[in-house]
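Notes follow the structure.
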Amino acid sequence: MNVKRKYGMNIMRKRMEAGITQVQLADICGVSAPYMSMLEHGVKCPSLALAECIAAALGCTVNDFLQENN
């Protein structure tokens, strides 16, 4: 699995564990819901600033998104 896809899947999993929608997470981080969807599906890769915002919103670290199984 490529890094962007793994990263996106981990964002999606953490978001679902937190019980928030893509729209809510996108609003918190100041991006569009379609862009958040592209991140979760490995189409786009977030900037470091956006990755940090997503991690903070989900109560985890940016490194957590790169882990195989967490």
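The values are calculated or read from the model by the stated rules, or taken from the named source; none is laboratory data. Because the structure is a prediction, the values reported are computed rather than measured. Here Cβ is always computed from backbone atoms with ideal geometry, including for glycine, and neighbour counts include all displayed protein chains. Side chains are part of the model used for accessible areas, which takes the heavy atoms of the whole protein and leaves out ligands, DNA and RNA. Shrake-Rupley method; radii C 1.70, N 1.55, O 1.52, S 1.80 Å.
Laid out as a table, the results:
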{"item": "In the chain, the GluC sites (Glu not before Pro) that fall in loop regions by DSSP, at most 11 other Cβ within 10 Å", "result": "E68"}
{"item": "Computed lengthening from A18 to Y35, 0.36 nm per intervening residue step minus Cα-Cα distance", "result": "4.2 nm"}
{"item": "10 Å beta-carbon shell around T21, net charge (K/R +1, D/E -1)", "result": "0"}
{"item": "Residue-count net charge about K6 - beta-carbon cut-off 11 Å; Lys, Arg +1, Asp, Glu -1", "result": "+2"}
{"item": "Per residue value of the accessible surface for the chain (all protein chains in place, 1.4 Å probe), Å²", "result": "57 Å²"}
{"item": "Percent carbon-and-sulfur accessible area, the chain, ignoring ligands, DNA and RNA, probe 1.4 Å", "result": "57 percent"}
